[in-house]
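Right, one structure below, let's go through it.
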Amino acid sequence: MNKSELISQIRRKKSFLCIGLDTEVGKLPAHIAISDDPVFDFNRQIIDATHDLAVAYKPNLAFYESQKSNGWRSLEKTIDYIRRNYPGIFIIADAKRGDIGNTSLQYAKAFLDDEEGLGFDAITVAPYMGQDSVSPYLNYASKWAIVLILTSNKGAADFQYKTMDGGRSLWEHTLETAASWGSPDNMMFVIGATQASMLSRVRQIVPDHFLLVPGVGAQGGNLQEVVRFGLNKEVGLLINVSRSVIFASSGSDFAHRAREEAFKLQQQMQAYIR
């Protein structure tokens with residue numbers, strides 16, 4: 001999906017909501033857990049209930065890989081279901097890959113290639129190993145590399161905020177450098193919602209790039225602050241919400257409750273887009 005198509009979907013749905021499909025088997029409702037493919041059945045119902053409110057879905061690969069071959073099949077079925085039933089929705093592989101050479105080429109093929117791979121629209125990548133670890137993901141037309149820059153976890157302070165020579169923090173240097181590898185048409189950046197106050201500086205460095213912002217909801221990020229500092233003329237934001245939507249209920253009404261939570265967020269986003 002190219003940038004103009006993504007922006008068009010955001011304008012049409014009046015939403016920049018991304019729903020994280022962090023489908024943890026141990027949290028599935030009891031009546032779903034006994035089905036032949038509980039992960040896919042859960043995803044399918046969440047997608048059916050929220051597809052008109054969300055512009056993107058983001059399966060977190062860890063929750064599928066941990067289920068071995070069954071998890072991989074559930075992931076493939078989930079992607080195929082979205083493609084067949086709701087074309088135009090942006091699908092992100094939350095894989096956080098970061099390697100070089102042929103390894104990176106194979107990861108890019110596995111996740112982004114429409115014929116031989118899973119055909120995701122985008123993949124999250126770690127930039128620590130440098131340009132040659134990210135560039136293979138930029139070789140696919142209308143596909144995106146989403147580079148980790150500022151995260152919401154406690155350990156982010158171990159490296160990301162360290163001051164370098166010249167007074168810049170490591171995350172600023174990483175953002176400036178990574179932005180030079182691609183363009184606003186094929187690269188996004190992960191900026192945690194709990195770092196909203198830093199979004200002004202982020203926008204000084206990358207005014208035109210999309211930002212994938214996790215951490216609103218269960219992690220305590222504030223949507224209003226993110227929008228205040230991060231919105232640009234093309235919206236330029238994908239707000240990812242996972243647990244507070246998909247696990248809003250553990251009962252038979254889980255899909256209905258997920259829709260209610262997604263609708264609340266979409267209504268807020270609609271007001272900001274206006």
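What to note about this one:
- Taking residues in the stretch 190-202 that are at positive phi and at pLDDT below 90, and partners anywhere that are surrounded by fewer than 23 Cβ atoms within 10 Å (Cβ to Cβ) and assigned to a helix (DSSP H, G or I), not one pair has Cβ atoms closer than 9 Å while being at least 6 places apart or on different chains.
- Any hit, the stretch 219-231, residues being under 28 Å from residue 135 (Cβ atoms) and not charged (D, E, K, R): yes
- Subset of the stretch 161-180 (residues that are open to solvent by less than 50 Å² (accessible area, probe 1.4 Å) and in contact with a Ser or Thr (Cβ under 8 Å, 6 or more places away or on another chain)): 169
- Conditions (1) within 21 Å of residue 61 (Cβ to Cβ); (2) outside any loop (DSSP other than H, G, I, E, B): number failed by residue 116: (2)
- Pair list, Cβ < 7 Å and 6+ apart or interchain, from the stretch 31-42 residues that are under 14 Å from residue 253 (Cα atoms) and surrounded by 14 or more Cβ atoms within 10 Å (Cβ to Cβ) to residues that are at pLDDT 95 or above and aromatic (Phe, Trp, Tyr): 32/42
- Some residue of the stretch 99-111 being closer than 24 Å to residue 237 by Cα and modelled with pLDDT of 95 or more: yes
- Boolean, residue 84 is exposed (fewer than 15 other Cβ atoms within 10 Å of the Cβ), within 30 Å of residue 270 (Cβ to Cβ) and either small (Gly, Ala, Ser) or free of Cβ contacts under 8 Å to residues at least 24 places away in the same chain (or both): yes
- Selection from the stretch 214-239 of residues that are buried (at least 21 other Cβ atoms within 10 Å of the Cβ), modelled with pLDDT under 95 and outside any helix (DSSP H, G or I): 214, 215, 216, 221
- Subset of the stretch 256-274 (residues that are hydrophobic (A, V, I, L, M, F, W, C) and surrounded by fewer than 21 Cβ atoms within 10 Å (Cβ to Cβ)): 263, 271, 273
- Scanning the stretch 5-26 for residues that are farther than 19 Å from residue 112 by Cα and open to solvent by 50 Å² or more (accessible area, probe 1.4 Å) yields 8, 11, 12, 14, 24, 25, 26.
- A count restricted to the stretch 242-267 and to residues that are within 21 Å of the chain's Cα centre (by Cα) and more than 13 Å from residue 54 (Cα to Cα) stands at 5.
- Positions within the stretch 52-81 being crowded, with 20+ Cβ neighbours inside 10 Å, under 18 Å from residue 96 (Cβ atoms) and polar (S, T, N, Q), in sequence order: 60
The values are calculated or read from the model by the stated rules, or taken from the named source; none is laboratory data. All values derive from a computational prediction rather than experimental measurement. Every residue, glycine among them, receives a Cβ derived from its backbone with ideal geometry; neighbour counts consider all protein chains shown. These accessible areas exclude ligands, DNA and RNA; they are computed on the full protein's heavy atoms, side chains included. Shrake-Rupley method; radii C 1.70, N 1.55, O 1.52, S 1.80 Å.
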